[in-house]
Amino acid sequence: MGGSTVFLYHDDFLKYQFGAQHPFQPVRERMTLDTLQSLGALDDGAVVVPRPADMDSLLAVHLEGYIKKVRELSKRGGLLDRGDTPARPGLYEGALMAVGATLDAARGIARGDYEHAFNPAGGLHHAHPARAAGFCVFNDIAVAVRAFQREFGIGRVAVVDIDAHHGDGTQAIFYDEDVLTISLHRYGGGFFPGSGDADEIGEMEGTGSNINVPLPGGTDDNLFLHAFRSVVVPALRSYRPDVIIQQFGVDGHYKDPLADMGYTTRGYAEVAKLTHDLAHELCEGRCLVLGGGGYDLDATRRAWSTMYCVMSEASIDRERARGLHDMEAPLSDRRTADRVLDVIEEVRQRSLPLLERVIRYA
Ligand SMILES: [Zn+2]
Ligand SMILES: [Zn+2]
């Protein structure tokens, strides 16, 4: 079966939350589902109800002691990290469902049940094997990579992370492995998590297959897309993945309260199209899209719905599709633009030849 796209959703996603005043609000996932349903963008059978992650899959990435700690703290309350990721009742169940949805989507893609899948509860890229960070409890991206490798023998996996924050957990887990991890994010001035400079290129077998594009605050759509076309597109063509995982955090949206970047729904639509077309060009359409950051609920709902419509090539009413888009588009100032162009040049010179060499002599 080909040409199909599914949306993963379970009400347990709503249990993955840190309190009413916390920026992370899982209701954005429900809002995206409702938007797509009202647009008629979901075919029959397009909504897949996931199961919670199984322990073996979780243990492929996380330490048993840490998993137990999350389960216990989620019962009695407490902090999972230094302060911004508190454990609350139900968090463990919510986290298992968020990861389970990514796993089910990965397996469905690997089996060929569908080509593209979106799990809005996934993309928890700051989680490390033994610690939570930045609202991320379990790293579903890494769990999916391990499932592709172990269950299906799919070795060439590319992770493309467009969240406004560096995908530090994912980078750390695959730093010495030949899994292509690319992150485009805001960097500098103490912006969370602080890592993600261009010289973090991987080590041992992973040398060259970790690529960071550290962008300044205020980067706009045009510069973001220029970076994507100049780095991500050639890197994927060099690496030739068997599957693409895209972390589609949308906290780079100009209305987001946390990140101060300048992206709009039009930039996100173009990134979705580029990724979608590359998946068909390089890996028979296999593309797993995950959520991530997104703290302006309405912008997040519109950006994810737009991305889903592009990915699934849903034929929806043009007028209503336009209604999802931003009416304005911030522009970067000259200094920001010059800085982005310098970063792109630096990353291209450093990383692209390295990646080609890795491939040629592999
Ligand atoms: Zn397609
Ligand atoms: Zn983020």
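The values are calculated or read from the model by the stated rules, or taken from the named source; none is laboratory data. In this text the structure is predicted, and so the values were computed from the model without any measurement. Counting neighbours? That spans all protein chains shown, and the Cβs are built from the backbone with ideal geometry, glycine included. Side chains included, ligands, DNA and RNA excluded: accessible areas come from the protein's heavy atoms. Shrake-Rupley method; radii C 1.70, N 1.55, O 1.52, S 1.80 Å.
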Could you run through the stretch 277-295 and say how many residues are of a type in the set (Gly, Ala, Ser), within 16 Å of ligand 2 (Cβ to nearest atom) and on the phi < 0 side of the Ramachandran plot?
2
Filtering the stretch 30-40 down to residues that are touching a strand residue (DSSP E or B) at 6+ places or on another chain (Cβ under 9 Å) and of a type in the set (A, V, I, L, M), which residue is nearest to Met307 (Cα to Cα)?
Leu36
List pairs: first in the stretch 286-303 and more than 15 Å from Tyr268 (Cα to Cα) and buried (at least 24 other Cβ atoms within 10 Å of the Cβ), second at pLDDT 95 or above and among the small types (Gly, Ala, Ser), Cβ under 7 Å, 6+ apart or cross-chain?
Arg286/Ala279; Cys287/Ala279; Leu288/Ala105; Leu288/Ala106; Leu288/Ala117; Leu288/Ala144
Considering only residues that are among the hydrophobic types (A, V, I, L, M, F, W, C), under 23 Å from Asp84 (Cβ atoms) and open to solvent by less than 50 Å² (accessible area, probe 1.4 Å), look in the stretch 1-30 and name the one that is modelled with the lowest pLDDT.
Phe18
Can you pull out every residue in the stretch 53-65 that is assigned to a helix (DSSP H, G or I) and closer than 13 Å to Ala95 by Cα?
Met55, Leu58
Selected residue [in contact (Cβ under 8 Å) with a residue 40 or more places away in the chain, under 19 Å from Asp298 (Cβ atoms) and among the basic types (Lys, Arg)] from Arg28, Arg51
Arg28
With Asp298, Asp326 as the choices, which residue is modelled with pLDDT of 95 or more, in a loop (DSSP other than H, G, I, E, B), away from ligand 2 (no atom under 16 Å from the Cβ) and within 24 Å of the chain's Cα centre (by Cα)?
Asp326
Spans of helices (runs of 4 or more DSSP H) in the stretch 119-229 with at least 1 residues farther than 27 Å from Leu59 by Cα, open to solvent by 10 Å² or more (accessible area, probe 1.4 Å) and not small (Gly, Ala, Ser):
221-227
Are there any pairs, at least 6 apart or on different chains, whose C-beta atoms fall under 6 Å, with the first in the stretch 68-86 and under 12 Å from Cys136 (Cα atoms) and the second open to solvent by 60 Å² or more (accessible area, probe 1.4 Å), and if so, which?
Pro86/Leu79
Filtering the stretch 248-275 down to residues that are part of a helix (DSSP H, G or I) and open to solvent by 10 Å² or more (accessible area, probe 1.4 Å), which residue is farthest from ligand 2 (Cβ to nearest atom)?
Lys273
Inspect all residues belonging to the stretch 224-241 and state whether any of them is free of Cβ contacts under 8 Å to residues at least 60 places away in the same chain and farther than 27 Å from Glu356 by Cβ.
no
I need the full set of residues from the stretch 95-118 which are open to solvent by 10 Å² or more (accessible area, probe 1.4 Å) and not in a loop (DSSP other than H, G, I, E, B), in order please.
Leu96, Asp104, Arg107, Ala110, Arg111
Tell me, which residue of the stretch 304-316 that is open to solvent by less than 30 Å² (accessible area, probe 1.4 Å) and of a type in the set (Ser, Thr, Tyr) is farthest from ligand 2 (Cβ to nearest atom)?
Ser312
